[in-house]
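The values are calculated or read from the model by the stated rules, or taken from the named source; none is laboratory data. None of the values given here were measured: they were computed from a predicted structure. Cβ placement follows ideal geometry from the backbone for every residue including glycine, while neighbour counts extend to all protein chains displayed.
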Amino acid sequence: LVCVMSKAKDKSGSFYRFCQLCDEIEAKPSYNDKTEAISEFVQKFKGDVYLLMKFLLCKYDQRVYNIREKQLVKLMSRYLQCSHQDLLEDLEKGDHSQTCKSFIMQYKRDHPRRSSLTLKMVDQFLEQLTTATKEDDQLDIISNFFDLCTPEDVRYVTKIMDHDLKINIGPKFALNALHPKGYEAYKNSNDLELIVNRWQNHTLESVIDDSGPVGSGKKGKFTTNVSVMTPIKPMLARKVSSLAECFKRAPGGIFAEIKYDGERIQIHKDGDEFKCFSRNLKPVQEWKVKEVYGYIKKAAPKAESIILDGELLLVDTKTHQPLPFGTLNVHKKNNFAGANVCVYIFDICYLNGNVLLEDTIEDRRTTMQKYVKVIPDRVEVSELYEIKEESDLQVLMKRAMKEGLEGLVVKALGGPYSPNARHWFKLKKDYFDMADTVDLVVLGAYYGKGVQARATEKGLLSVFLMGSYDKESKQWKTVCKVGNGHDEATLKKLQKSVAKNFDKISKDPSKVPSHMDIHRQNVPDFLIKDIKTAPVWEIKGASFSTSQNHSVHTAGGISIRFPRVEKIRDDKDYNSHTTVEEILELASLDPISYVNNANERAKQVNSPSQLRSPSPSPSPSPKRSRSKSPAPKNAKKEPKEPVASTSKPRKQKRTREEFEEPDGESPVRIYTSANMKKAQKDILQTSADNSLDSKVIVQFGTTTGTNEGDFAKVLQKKWAKPAKKLKSNYKIGSLSDLGCIQPVKVDQRATMKVFVVTAISIGESGSIEVDALKDCAKKIFNFAQLKGASVHFLVDSLWPSSLRSFQVALSSQLNEEHGVHVMVYTDGQSNSNSNEVPKAKKAKTEETTNSSLGNLTAKLFASVNVVFDGFPENEKKKLARIVTKCGGSVSPSWV
């Protein structure tokens, strides 16, 4: 129950007054006016200033309430006993807090007319929410508290729960209302309560000297203390768009450091106790860092207490190269045997009672290398070079781009570590525009979220789904979502166009027509009615991308990083846009096309000329692959061409007379055999021959925890373990989405291992879905790369389309650098281009349907869409296969 304190004891201050202050801040046009409004309020305020500032800066409150917008709406429908659907429809207007307020006014007529809440009561309520994880417990807490609230109280409480008051105020202007240097003190200490206490005790005094060039970071310091186990605001980097700008901003000289594509981590060690914090100063999840603690202790045996700054990522133990961003989360699920969690250390802030923030970068680097030793693939020290010429910086940047790394961080010589200050510079390929723009068609629109929703109280559509036509599949594919490039006036004009030419589908995948290929994660709120009326916009971005983060887009695996609208092309229509084929060609020509691949990073190029580390680096382990030694100063060499990947495909043992290879250059090879039983036997055969590599055998599964297809039955007879594990994981809810994979080791002979991977890719129609297959394929190829294995598919009636389309779907997810040999085995009959159903399949079909359908032909259900209503699930699947094999299509429900 919520504890209600009497006002005689509770002097924390009126929450109603806080709401009035927020309204006043929101109405102020400038930041200085907002600061002045807070300052005037605080001077008269007699309550708890810490709680006041804590609520104003709720974005930085680290408490987790386990209630997002839709969960809150669900709880409100139960609390008010009103229609959940009505709440959801109102929520689409864009402001959940306003939805809660209006429905309380409508359904709770006995709500308090005057607020009696205090800041402490609200804080206690929020603290209670952090302990409730079950819906019924959350409902009890919310019901008891909301009974005490006016509708306006509820509006602001729900905003605080969402960590966003939407009044456009940050810590700089809020804390400077207390003291001119309040924000500077907060940056150093990251302790809001300490800052408020010092302000109240008149001990918050500045010793900052604002002189000195920006690049040097020499802006003095505050007398706030740094303590172990309390996170420090990390030093940050600002964007620069050219190499020359780095030298201009840091005239005293620069270092360049490789920028690793991992997660920022701040490591605190005090004796045997460890704490790790993220870039946002939140505790890092334990499973990510538990492997690291023991190695940090070994790497820094002389450090009783220490604070280190670095990047947490996954390292391939074969190539000793960092793996792409995001693989750490994949590692949690698949526990890759060929990869280690590793921390790359690039700075030290505290050592054995001494604060090192004001030490120069050279001194900090020397201290770090003295007290932190390298443990290969576990604890590494970042590469840092002194740069004297722009050409050296250019060569190093080219190396980073060729190796698939994020870029460079540039640091001024002699610079201190300034918490939360952007005195470093970052050079990333994302800041250099891609080679050309593309003209894309607007397929859909979304309501704005986050920053884009600040000016959208009434539900402005501000994010748009851009697409392109694929001549091969005769479908419209998605390329990217764009939310930048339009000013507010243009967005308001676009609302009329959307209302006229788009249908509201509320992100319902069943309402997407068959001529559009839209991944379920990208289904928009509104969808274009007639593609002939769709607008065409010119889109520019940082680069084309085949990153795993963009695998939900369907245009051949290509997307655009950081897209923005350059102009609205009223002079063009849907017939004159950039097609998928043209996009793929442009991406191949783009000099900074982004490929997120581990092997690409292992390629070597020349190091910059005359680069030196500010202090001796630890000797690398002999097994590690390092860049070549610096070239002579006068040698003007371009970076060498990348060395070919060392992971070469190995030919599989097969008989030429048994399988026929088709023509073509696809990395996915299709082998046709008249004797599929023999093919199955060969695939399942294991051997003790050490010359053979490992195998990944793929079977297909559903989201209901079953294996499907003729091949799955053969697999289960030989190895029952994958089917049992699939059922087990389905029951506990850990494997229930299309696009997931489940690898299981089933056999091992000498150095050869056999894995069966279940690809969750069979949809409601009973056939493999293209998007799900692509999602699974990317994960399977990455898994096979780590295991050094070949990949084997056997295609039967589960694939309703042509074998060529199956080959294309797999090829779009496979790069040469994977070094993976992919084989698809078929009897040549699983091709919808054929006008006849194979006799064996026909016989099976007739048997399945008790001969009720007679002699079927592939044209029987041409242009027919079927919905099965009232049939058992297993019968639905059988009948769905019959319809799709005979040229028809199946939908889950009537539209």
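So, in the range 8-62, how many residues would count as being of a type in the set (A, V, I, L, M, F, W, C) and within 15 Å of residue 160 (Cα to Cα)?
Quick first cut of the range 8-62, residues of a type in the set (A, V, I, L, M, F, W, C) only: 8, 15, 18-19, 21-22, 25, 27, 37-38, 41-42, 45, 49, 51-53, 55-58.
Right, trim to within 15 Å of residue 160 (Cα to Cα) and you get 15, 18-19, 21-22, 51-53, 55-58.
Total satisfying the criteria: 12.
Which pairs do you get when a residue that is assigned by TED's automatic domain parsing to the domain that holds residue 562 and of a type in the set (Ser, Thr, Tyr), found in the range 533-548, comes within reach of a residue that is surrounded by fewer than 20 Cβ atoms within 10 Å (Cβ to Cβ) and at pLDDT 80 or above, reach meaning Cβ atoms under 6 angstrom, with the pair 6+ apart or on two chains?
Taking only residues 6 or more apart or on different chains, the pairs are 533/501.
Just name the residue that is farthest from residue 437 (Cα to Cα) out of those in the range 566-584 that are among the hydroxyl-bearing types (Ser, Thr, Tyr) and surrounded by 15 or more Cβ atoms within 10 Å (Cβ to Cβ).
Looking only at the range 566-584, we keep the residues that are among the hydroxyl-bearing types (Ser, Thr, Tyr), and these are 574, 576, 578-579.
This time we only want the ones that are surrounded by 15 or more Cβ atoms within 10 Å (Cβ to Cβ), so: 574, 578-579.
Details: 574: 16, 578: 9, 579: 13 Å.
Ranking the candidates gives 574 first.
Look at residue 98 and say whether it is out of contact with any helix residue (DSSP H, G or I) (no Cβ under 8 Å at 6 or more places or on another chain) and either within 19 Å of residue 143 (Cβ to Cβ) or not basic (Lys, Arg) (or both). So that I can check it myself, show each step before the final result.
On the way: out of contact with any helix residue (DSSP H, G or I) (no Cβ under 8 Å at 6 or more places or on another chain): no; either within 19 Å of residue 143 (Cβ to Cβ) or not basic (Lys, Arg) (or both): yes.
No.
Would you point out the residue of the range 506-519, among those that are touching a residue at least 40 places away in the same chain (Cβ under 8 Å) and part of a loop (DSSP other than H, G, I, E, B), that is nearest to residue 472 (Cα to Cα)?
Of everything passing the filter in the range 506-519, 515 is nearest to residue 472 (Cα to Cα).
Regarding the range 767-781, can at least one residue be identified that is at pLDDT below 75, surrounded by 22 or more Cβ atoms within 10 Å (Cβ to Cβ) and out of contact with any His (no Cβ under 6 Å at 6 or more places or on another chain)?
For the range 767-781, residues at pLDDT below 75, surrounded by 22 or more Cβ atoms within 10 Å (Cβ to Cβ) and out of contact with any His (no Cβ under 6 Å at 6 or more places or on another chain): absent.
Hey, does the range 748-760 have a residue that's assigned to a loop (DSSP other than H, G, I, E, B) and within 30 Å of residue 473 (Cβ to Cβ)?
no
Might you check whether a residue that is modelled with pLDDT of 90 or more and under 30 Å from residue 191 (Cβ atoms) occurs anywhere in the range 239-257?
Looking for residues that are modelled with pLDDT of 90 or more and under 30 Å from residue 191 (Cβ atoms), one finds at least one in the range 239-257, hence yes.
Is it the case that residue 186 is assigned by TED's automatic domain parsing to the domain that holds residue 24 and crowded, with 22+ Cβ neighbours inside 10 Å?
Values: assigned by TED's automatic domain parsing to the domain that holds residue 24: no; crowded, with 22+ Cβ neighbours inside 10 Å: yes.
So residue 186 fails the test.
Being surrounded by fewer than 19 Cβ atoms within 10 Å (Cβ to Cβ), in contact with a helix residue (DSSP H, G or I) (Cβ under 9 Å, 6 or more places away or on another chain) and modelled with pLDDT of 90 or more is the filter; apply it to the range 520-538 and report the residue that is nearest to residue 554 (Cα to Cα).
Checking each candidate, the answer is 531.
Mind counting the residues in the range 359-405 that are more than 21 Å from residue 418 (Cα to Cα), in a strand (DSSP E or B) and more than 30 Å from the chain's Cα centre (by Cα)?
1
Restricting the range 178-205 to residues that are part of a helix (DSSP H, G or I) and of a type in the set (Val, Ile, Thr), which is modelled with the lowest pLDDT?
Within the range 178-205, the match that is modelled with the lowest pLDDT is 195.
For the range 106-142, name all the residues that are modelled with pLDDT of 95 or more and within 18 Å of residue 86 (Cβ to Cβ).
none
Would it be correct to say that residue 115 is closer than 24 Å to residue 447 by Cα and either out of contact with any Cys (no Cβ under 6 Å at 6 or more places or on another chain) or surrounded by fewer than 18 Cβ atoms within 10 Å (Cβ to Cβ) (or both)? I'd like the intermediate steps shown before the answer.
Working: closer than 24 Å to residue 447 by Cα: no; either out of contact with any Cys (no Cβ under 6 Å at 6 or more places or on another chain) or surrounded by fewer than 18 Cβ atoms within 10 Å (Cβ to Cβ) (or both): yes.
Criteria not met by residue 115.
Considering only the range 229-303, give the strands (runs of 3 or more DSSP E) lying wholly within it that have at least 3 residues that are not charged (D, E, K, R). Let's see the steps before the verdict.
Details: elements: 236-239, 254-259, 263-270, 273-277.
In the range 229-303, the matching strands (runs of 3 or more DSSP E) lie at 254-259, 263-270, 273-277.
Take the conditions in a strand (DSSP E or B) and either at pLDDT 75 or above or surrounded by fewer than 14 Cβ atoms within 10 Å (Cβ to Cβ) (or both) and apply them to residue 737. Does it pass?
No.
Pairs please, first residue from the range 358-369 and at negative phi and surrounded by fewer than 16 Cβ atoms within 10 Å (Cβ to Cβ), second anywhere and of a type in the set (D, E, K, R) and not in a helix (DSSP H, G or I), Cβ atoms under 7 Å, 6+ apart in sequence or on different chains.
358/221
Let's see how each residue does on (1) touching a Leu at 6+ places or on another chain (Cβ under 6 Å); (2) among the hydrophobic types (A, V, I, L, M, F, W, C); (3) in a helix (DSSP H, G or I):
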position	(1), (2), (3)
500	no, no, yes
527	no, yes, no
538	no, no, no
557	no, no, no
560	no, yes, no
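Looking only at the range 131-176, count how many residues are under 23 Å from residue 32 (Cα atoms) and loosely packed, with under 15 Cβ neighbours inside 10 Å.
2
Could you look through the range 329-369, keep only residues that are modelled with pLDDT under 95 and basic (Lys, Arg), and pick out the one that is nearest to residue 269 (Cα to Cα)?
Per the stated criteria, the residue is 332.
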